[in-house]
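Below is one structure, written out as structure tokens; comments come after it.
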Amino acid sequence: MSDNSEQKETTQNPNIPEIFLKPYSPSEHESKIYAEWESSGFFNPDVCIEKGLTKPDAEAFAIVMPPPNANGNLHAGHGLVFTIQDIMMRYNRMRGKRALWLPGADHAGFETQVVYEKKLEKEGRSRFSMDPKDLYNEIMNFTMSSKSFMENQIRQLGASCDWSRSLFTLDDSVIKIVYDTFKRLETDELLYRGARIVNWCSKHQTSLSNLETSHVERQDKFYYFKYGPFTIGTARPETKFGDKYVVMHPDDARYAEYSHGQKIELEWINGPITATVIKDEAGDPEMGSGAMTITPWHSGIDFEIARRHNLDYEQIIDWRGKLLPIAGEFTGMSIKDAREKIVEKLKEKGLLVKIDEAYTHSVPCCYKCDREIEPQIREQWFIKTKLLAKKALKAADAEEVVFTTDRDERVFRDWMDKIEDWNISRQIVWGIPIPAKICTVCNHGMVDIKNIITECSQCSGAVIQDPDTFDTWFSSGQWPLATTGYPDSDDFKNYYPTSIMETGKDIIFFWVSRMIMLGIYCTGKVPFKKVYLHGMVRDKHGKKMSKSKGNVISPGEIQEKYGTDALRMGLMVNNAPGTDMNLDPDKVNAYKKFANKIWNISRFVLESVSDYTGDEVIIASEADSSDIAIISRLNEISLEITDHMEKDRFDLAAEKIYHYVWHEFADKIIEESKPLIAGNDAHVRKLRQQTLLTGLLTSLKLLHPFMPFVTETIWQNLPKNVLGKEREMLMVTKWPI
RNA sequence: GCGCGGUUAGCUCAGCUGGUAGAGCAUCACAUUGACAUUGUGGGGGUCACAGGUUCAAGUCCUGUAUCGCGCACCA
């Protein structure tokens with residue numbers, strides 16, 4: 001016999017299930033185990049109640065899954081989201097709660113359309129030359145295939161969510177809720193359609209909310225021009241064609257001789273104009289000369305001044321970023337090209353006073369294409385958010401909703417305090433159409449969720465369907481309502497408000513704030529009792545992952561190489577909640593080794609208890625004190641881990657169980673046990689067998705939320721005499737406490 | 001401009017309500033056919049950014065400084 005390992009397997013360990021005779025190989029077991037979980041139906045709390053695993057009156061524990069954008073693969077951040085939430089779910093399910101995790105997928109309006117536009121660009125196509133219906137259908141097909149692909153990736157991460165309740169943000173039931181809310185906001189006079197300054201992206205041809213802009217610090221030239229008797233400063237000469245108002249602070253002594261409303265003839269870019277003096281508090285005497293001209297169509301602050309004094313508005317720059325006929329000889333030029341030429345002309349006319357070369361300011365840019373935002377006036381639907389925000393803050397005061405860190409709560413409150421009206425119109429096709437009619441004569445907008453309006457309520461003119469779609473966050477903001485079946489489903493009654501909202505801190509304003517506002521608005525109750533925000537996943541050196549840097553770590557690759565359990569542990573251990581975390585493949589590899597360690601611990605224990613009868617051994621004497629100590633330490637560890645779990649410190653819980661299993665149970669207890677098991681004192685031997693089994697089963701339970709695959713695989717392969725009265729599926733056993 | 005966070009072992013990071021520093025990786029020595037292909041034992045390596053303060057006692061609380069990073073923001 002040349003191969004003695006073969007011999008060893010068959011002769012020495014006849015009672016060890018064959019599966020344990022080689023190292024743990026995640027890929028061999030994971031998909032099979034997931035399929036068993038899924039087909040058991042235990043992800044659905046109703047089934048758990050039916051099968052008697054959960055008491056019908058047990059406390060509810062519900063999480064709404066942040067629906068991932070159905071436009072690409074899962075990234076490392078998703079790995080973290082689903083791991084944290086799955087840990088919460090599995091823990092609470094084992095605690096005996098009615099545990100419900102509501103999955104879904106997000107059409108992700110603008111985000112997805114941008115992804116799709118890039119695809120079109122590569123194919124040499126453009127959305128602007130396509131029929132909107134065709135474009136919509138193409139994006140729908142693309143989204144649907146991404147969605148099903150993504151759902152499988154979520155399964156691979158081990159997510160124990162209830163797929164039977166899965167929802168897509170464009171499902172009819174979602175749209176109905178969104179439309180009803182839209183109508184209700186109108187009825188409550190919290191909605192208006194108005195011409196306001198919006199953030200316009202000239203590339204994407206849509207307005208964006210403030211949150212969808214990012215401010216970029218830049219150094220530009222700052223120009224001073226002669227404007228009649230005044231010197232005015234500007235960083236944007238290309239907007240100045242229509243400037244016919246000059247604004248200064250009423251108390252500015254330098255301009256005391258000029259009175260509000262006074263007309264002044266002066267020479268300007270394209271000839272003589274009549275300017276009007278406006279005294280307004282917005283004029284900052286400290287800034288430049290203290291006098292400024294305003295461009296109400298292309299500046300928020302100027303717009304407000306114009307509104308206060310009922311001034312004229314005139315569009316200077318078109319929707320593509322080109323100058324309109326008001327610019328005279330510059331008409332049709334892009335603003336970028338025009339700037340220097342305009343300055344040149346003003347210089348020739350002797351109107352240039354000076355140029356400040358080192359002027360730093362921050363300019364708003366489209367968060368997708370980094371192009372400078374052009375403020376424009378456009379008719380859009382706005383929600384008056386002040387009242388909604390006030391109620392949200394009140395709920396936070398009353399601790400109806402709490403944040404896991406004070407820091408996050410402060411950030412939330414600051415934003416709520418100074419919230420502005422919310423533009424919910426987007427000029428893109430990929431989204432929920434705004435249920436409204438627009439008058440072709442007077443431009444009046446009418447909410448029309450039943451699609452029955454045929455003429456303008458103000459002028460009887462012909463109407464057309466509003467071509468715009470909702471900001472995706474307006475519908476996402478109602479996601480906890482949609483997933484629980486608001487307003488009258490059993491789930492809504494049983495699970496709303498949900499227990500916890502776990503999501504990335506980067507969307508605290510986009511999503512968390514809106515859910516709280518809209519949840520309270522629709523139901524009178526907060527949508528979740530607790531907010532847990534995690535940080536970003538970065539590469540091993542703390543750098544942001546990006547395709548261009550080539551440092552993207554895809555969860556799939558990591559899972560393939562090290563196993564899902566290892567990835568989950570790598571993401572959890574030592575990663576404090578709310579802080580950014582670095583994902584290091586070496587660290588994940590360490591937990592791959594750990595999974596194998598658990599595997600071998602199990603194998604050793606099974607070898608040691610091959611003749612275990614299942615009869616309880618009574619602790620007889622002081623000689624049994626080491627077994628007593630082991631069991632008592634096990635209880636202590638269980639309590640400590642439970643304490644961490646209750647405080648949402650999964651990072652600490654994960655590290656503790658890791659340490660216990662490897663460096664106490666394996667390194668010390670198992671080593672000590674070897675002579676006892678091999679010895680000939682029958683009582684000592686049997687007692688130690690019992691102790692080892694208790695240690696193993698308890699460890700598997702404590703590990704399960706973190707490493708569900710390897711623990712469940714082991715559990716299901718434990719021989720009957722070892723499992724005793726325990727349930728056959730680890731996922732639904734009771735937490736050891 | 002307003003606000004927030006970090007600064008702990010060579011690298012990446014933990015360290016809860018204050019009681020003489022921990023993990024992974026890396027490194028060194030020894031052991032090991034071992035339940036462990038992914039093992040064990042032991043070691044080296046930190047004046048916990050700096051300066052003050054509170055305290056019997058401070059990575060841990062307070063104040064300030066330096067430095068890196070982040071968020072928010074309609075400054076012409």
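The values are calculated or read from the model by the stated rules, or taken from the named source; none is laboratory data. Just so you know, these numbers come straight off a predicted model, no measurement behind them. Every residue, glycine among them, receives a Cβ derived from its backbone with ideal geometry; neighbour counts consider all protein chains shown. SASA here: full protein model, heavy atoms, side chains in, ligands and nucleic acids out. Shrake-Rupley method; radii C 1.70, N 1.55, O 1.52, S 1.80 Å.
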Q. Which entries in the list A:LYS97/A:LYS529; A:LYS597/A:LYS701; A:LYS122/A:LYS547; A:LYS22/A:LYS593; A:LYS147/A:LYS592 go over 19 Å, if you measure between the two C-alpha atoms of each?
A. A:LYS147/A:LYS592
Q) Which net charge results when you count Lys and Arg as +1 and Asp and Glu as -1 among the other residues whose beta-carbon is under 12 Å from that of A:HIS249? A) -4
Q: Please report the base-10 log of the normalised intensity I(q)/I(0) for the stretch A:457-505, using a Debye sum with one equal scatterer per alpha carbon and no solvent, at each q in 0.16, 0.23, 0.26 (1/Å).
A: -0.65, -0.90, -1.01
Q.
If you take every residue apart from A:ASN69 with its C-beta less than 9 Å away from the C-beta of A:ASN69, what net charge results, scoring Lys and Arg +1 and Asp and Glu -1?
A. -2
Q) Ranked from highest to lowest mean number of other Cβ atoms within 10 Å per residue, what is the order of the peptides A:323-329, A:480-486, A:312-318, A:125-131? A) A:480-486, A:312-318, A:323-329, A:125-131
Q. If you average over every viewing direction, what projected area does the convex hull of the Cα atoms of the stretch A:372-464 give, in nm²?
A. 9.5 nm²
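Would you mind putting A:158-169, A:250-261 in packing order, based on average other-beta-carbon counts within 10 Å, highest first? Intermediate results must be reported in sequence, preceding the final value.
Details: A:158-169: 20.4, A:250-261: 12.5.
Top to bottom by mean Cβ count within 10 Å: A:158-169, A:250-261.
Could you tell me the relative contact order of the stretch A:1-156? Use alpha-carbon pairs under 8 Å, at least six residues apart, and round to a whole percent.
On the way: 116 pairs, mean separation 42.2, N = 156.
Relative contact order here is 27 percent.
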Q | Charged-residue dipole, Cβ positions (Lys, Arg, Asp, Glu), chain A about Cα centre, Debye nearest 20 | A | 600 debye
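Quote the FRET efficiency, to the nearest 0.05, computed for A:ASN721 versus A:GLU36 with a Förster distance R0 of 22 Å and r equal to the Cβ-Cβ distance.
On the way: r = 22 Å, r/R0 = 1.00.
For R0 = 22 Å, the calculated efficiency reads 0.50.
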(Q) How large is the Kirkwood hydrodynamic radius of the stretch A:654-717, counting all unique pairs of alpha carbons, in Å? (A) 12.6 Å
Q.
Ignoring solvent entirely, what values of log10 I(q)/I(0) come out of the Debye formula for the stretch A:531-660 at 0.11, 0.12, 0.17, 0.22 Å⁻¹ when each Cα is a single scatterer?
A. -0.57, -0.65, -1.02, -1.33
Q.
Less than 14 Å Cβ to Cβ from A:LYS544, Lys/Arg counted +1 and Asp/Glu -1: what total charge do the surrounding residues give?
A. +2
Q: Would you work out which of A:MET248, A:HIS215, A:PRO229 lies farthest towards the positive end of the dipole of the stretch A:186-254? Charges go on Cβ: Lys and Arg +1, Asp and Glu -1.
A: A:PRO229
(Q) Restricting to Cα atoms and excluding each atom paired with itself, what does the Kirkwood estimate give for the stretch A:586-737 in Å? (A) 15.9 Å
Q) What whole number of Å gives the distance from the Cα centroid of the stretch A:33-66 to the Cα centroid of the stretch A:270-328? A) 61 Å
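Report the relative contact order of the stretch A:381-449, percent, no decimals, based on alpha-carbon pairs under 8 angstrom and at least 6 residues apart.
Values: 50 pairs, mean separation 24.4, N = 69.
With pairs under 8 Å counted, the relative contact order is 35 percent.
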(Q) Past 31 Å, Cα to Cα: identify those pairs from A:LYS656/A:LYS686; A:LYS133/A:LYS368; A:LYS183/A:LYS279; A:LYS32/A:LYS493; A:LYS32/A:LYS176, in the order given. (A) A:LYS183/A:LYS279; A:LYS32/A:LYS493; A:LYS32/A:LYS176
Q: Scan the stretch A:497-562 for trypsin sites (Lys or Arg not before Pro) in coil per DSSP, keeping those whose Cβ has at most 11 other Cβ atoms within 10 Å, and list them by number.
A: A:LYS543, A:LYS547, A:LYS549
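So what is the accessible area of the stretch A:147-300 per residue, in Å², with the probe set to 1.4 Å?
Working: 6210 Å² over 154 residues.
Dividing the accessible area of the stretch A:147-300 by its residue count gives 40 Å².
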Q: Using Cα positions and a limit of under 16 Å, work out the lysines in reach of A:LYS354, with same-chain residues fewer than 8 apart set aside.
A: A:LYS221, A:LYS226, A:LYS341, A:LYS345
Q: Two decimals is fine: what's Rg over Rh for the stretch A:521-601, C-alpha atoms, Kirkwood radius as Rh?
A: 1.14
Q.
Using alpha carbons only, how many angstrom separate the centre of the stretch A:99-139 from the centre of the stretch A:531-557?
A. 24 Å
Q) How far, in nm, would the chain grow between A:ARG125 and A:LYS341 when pulled straight, counting 0.36 nm per residue and subtracting the alpha carbon separation? A) 74.4 nm
Q: Enumerate the whole-percent occupancy of each 5 Å bin, from 0 to the last occupied one, for all C-alpha pair distances of the stretch A:562-611.
A: 5, 21, 22, 15, 13, 10, 8, 4, 2, 1
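Which loop trypsin sites (Lys or Arg not before Pro) in the stretch A:347-383, with loop taken from DSSP, have no more than 16 other Cβ atoms within 10 angstrom of their Cβ?
Hits after loop and neighbour filter: A:LYS349, A:ARG371.
Where Rh is the Kirkwood radius over the Cα pairs of the stretch A:305-391, the temperature 10 °C and the viscosity 1.306 mPa s, what D in µm²/s does Stokes-Einstein return? Before the final figure, lay out each step's value.
Values: Rh = 16.7 Å.
Roughly 95 µm²/s, to the nearest whole number.
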Q: Over the alpha-carbon set of chain A, work out the extent along each principal axis and list the three values in angstrom, largest first.
A: 113, 57, 52
Q: List the equivalent ellipsoid semi-axes of the stretch A:480-527 in whole Å, largest first, each obtained as the square root of 5λ for an eigenvalue λ of the Cα gyration tensor.
A: 20, 11, 8
Q: Please work out the average accessible area per residue across the stretch A:632-677, using the 1.4 Å probe convention, and give it in Å².
A: 45 Å²
Q | Compactness of the stretch A:271-429, expressed as Rg and Dmax over alpha-carbon positions, Å | A | 20.8, 65
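How large is Rg/Rh for the stretch A:685-737, to two decimals, with Cα atoms and a Kirkwood Rh? Kindly include the intermediate steps, with their values, before the conclusion.
On the way: Rg = 10.8 Å, Rh = 11.3 Å.
Here Rg/Rh amounts to 0.95.
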Q. With the dipole of the stretch A:375-418 worked out from charges on the C-beta (+1 for Lys and Arg, -1 for Asp and Glu) around the Cα centre, which of A:ILE383, A:VAL402, A:MET416 lies farthest toward the positive end?
A. A:ILE383
Q. Among A:GLN716, A:SER626, A:GLY695, which residue has its Cα positioned farthest towards the positive end of the charge dipole of the stretch A:578-737, with +1 placed on the Cβ of Lys and Arg, -1 on the Cβ of Asp and Glu, and the dipole taken about the Cα centre?
A. A:GLN716
Q.
Taking loop as defined by DSSP and a crowding limit of 15 other beta carbons within 10 Å, which trypsin sites (Lys or Arg not before Pro) in the stretch A:653-737 fit?
A. A:LYS725, A:ARG727, A:LYS734
Q.
With +1 assigned to the C-beta of every Lys and Arg and -1 to the C-beta of every Asp and Glu, and no other charges, what is the dipole magnitude of the stretch A:175-307 about the Cα centre in debye, to the nearest 20?
A. 520 debye
